[in-house]
Amino acid sequence: MELASLSQAQGGEHYIKKFDAWHHLVVMLYAVMMRLDSLREIKASLFANVNRFNHLGLKHFPYRSTLSDANKRRDSEIFGSIYMNLYEKYRHELYSDSRNCGQPKWLKNLKIIDSTTISLFSNLVFKGVGRNPKTGKKKGGIKVHTEIFANENVPSDIKFTSAASHDQFALIPERYANEELIAFDRAYINYEKFSELTQRGVIYVTKMKNNLSFERIADTDYQMTTDYGSVRVETILFHKHTKEKDIYHKARKNHISG
């Protein structure tokens, strides 16, 4: 079984007698789908529905201690590898064929990047995580960075960081190739990484922050042929001074008016 091989290759089956990666995966998926919040709830729900899992080949149902030990010993990267293995195998079957008809080439190369924060321990240690909860800027938890192709329905990559980490750290230029197109919001702005993306032939699209300073190099208006609107294209030069060096980045700023 591929799942067992992936787990064994990453050390997920060391000292495991019964509760292997397959059992672990099914139990955790069940817990997510049933929205179970604790090991006690998972154990109670599983034992109350033992006969309903026969078709999945489950032979061992874990007690709280068994599941707790498995969560500590089995690296989460194992489940990440399982996801990526399934994604590469079935990605072209997860969206309808109609979405491929007449699709422009740039859309197939378009990747969308975004993040969301999952707050943790809000009821237990509310004062001990993140910023002052009175302002609503609570940052304690996990930040999930998701990347998805515009013509697909499932993420092509998922990364986890602490909730307090800045989004720009998840933008890694060497992961993208020539002619790829990526879109993200202003939280990912980093001039040095933008310059590296440009050097690699990657096109990026993002929003500008209101406080950005730049020098306008060129300014051109284009009349749109499809309607009476126009597009204003500015070539601008960003400059940021840091302790290590000065960073310059040339970019294009578009304005569309109707």
Of the listed residues (Phe184, Phe160), the one being under 22 Å from Thr116 (Cβ atoms), crowded, with 17+ Cβ neighbours inside 10 Å, touching a residue at least 12 places away in the same chain (Cβ under 8 Å) and in contact with a strand residue (DSSP E or B) (Cβ under 9 Å, 6 or more places away or on another chain) is Phe184
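What number of residues within the range 215-244 satisfy the criterion of being open to solvent by 70 Å² or more (accessible area, probe 1.4 Å) and over 28 Å from Ala163 (Cβ atoms)? Walk me through how you get there before you give the answer.
Taking the range 215-244 as the starting set, the residues that turn out to be open to solvent by 70 Å² or more (accessible area, probe 1.4 Å) are 215-217, 219, 221-223, 225-228, 232, 239-241, 243-244.
Then keep just the ones that are over 28 Å from Ala163 (Cβ atoms); that gives 215-217, 219, 221-223, 225-228, 232, 239, 241.
Here the count works out to 14.
For (1) modelled with pLDDT of 85 or more; (2) aliphatic (A, V, I, L, M); (3) within 25 Å of the chain's Cα centre (by Cα), each residue gets a yes or a no:
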| site | (1), (2), (3) |
| --- | --- |
| Val26 | yes, yes, yes |
| Leu29 | yes, yes, yes |
| Met34 | yes, yes, yes |
| Ile42 | yes, yes, no |
| Phe47 | yes, no, no |
Mind checking which pairs have a first residue in the range 48-60 that is farther than 14 Å from Trp22 by Cα and a second that is of a type in the set (Ser, Thr, Tyr), Cβ under 9 Å, 6 or more apart or different chains? Asn49/Tyr30
Restricted to the range 68-106, and to residues that are open to solvent by less than 50 Å² (accessible area, probe 1.4 Å) and among the hydroxyl-bearing types (Ser, Thr, Tyr), which residue is modelled with the lowest pLDDT? Tyr95
Within the range 204-213, restricting to residues that are of a type in the set (A, V, I, L, M) and open to solvent by 40 Å² or more (accessible area, probe 1.4 Å), the one that is nearest to His239 (Cα to Cα) is Met208
Quick check on my filter: what residues within the range 193-203 are surrounded by fewer than 16 Cβ atoms within 10 Å (Cβ to Cβ) and not polar (S, T, N, Q)? Arg200, Gly201
Residue check, Asn190 against (1) over 22 Å from Lys245 (Cα atoms); (2) open to solvent by less than 50 Å² (accessible area, probe 1.4 Å), all met but one. Which one? (1)
For the range 1-59, please list each of the helices (runs of 4 or more DSSP H) lying entirely inside it that holds at least 1 residues being closer than 15 Å to Lys72 by Cα and among the hydrophobic types (A, V, I, L, M, F, W, C). 21-33, 39-48
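With among the aromatic types (Phe, Trp, Tyr) and under 25 Å from Lys159 (Cβ atoms) as the only criterion, which of Tyr15, Tyr63, Tyr30 stands out? If you could, list the steps in order and put the result at the bottom.
Working: Tyr15 fails: under 25 Å from Lys159 (Cβ atoms); Tyr63 fails: under 25 Å from Lys159 (Cβ atoms).
Just one listed residue meets the conditions, Tyr30.
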What do you reckon, is Arg232 among the basic types (Lys, Arg) and more than 21 Å from Lys193 (Cβ to Cβ)? yes
In the set Asn254, Asn178, the lone residue that is open to solvent by 30 Å² or more (accessible area, probe 1.4 Å), outside any strand (DSSP E or B) and polar (S, T, N, Q) is Asn178
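The values are calculated or read from the model by the stated rules, or taken from the named source; none is laboratory data. The structure presented is a predicted model; accordingly, all values stated were derived computationally and were not measured. Glycine gets a Cβ as well: all are built from the backbone with ideal geometry, and neighbour counts include every protein chain shown. Just the protein is used for accessible areas: all its heavy atoms, side chains included, with ligands, DNA and RNA removed. Shrake-Rupley method; radii C 1.70, N 1.55, O 1.52, S 1.80 Å.
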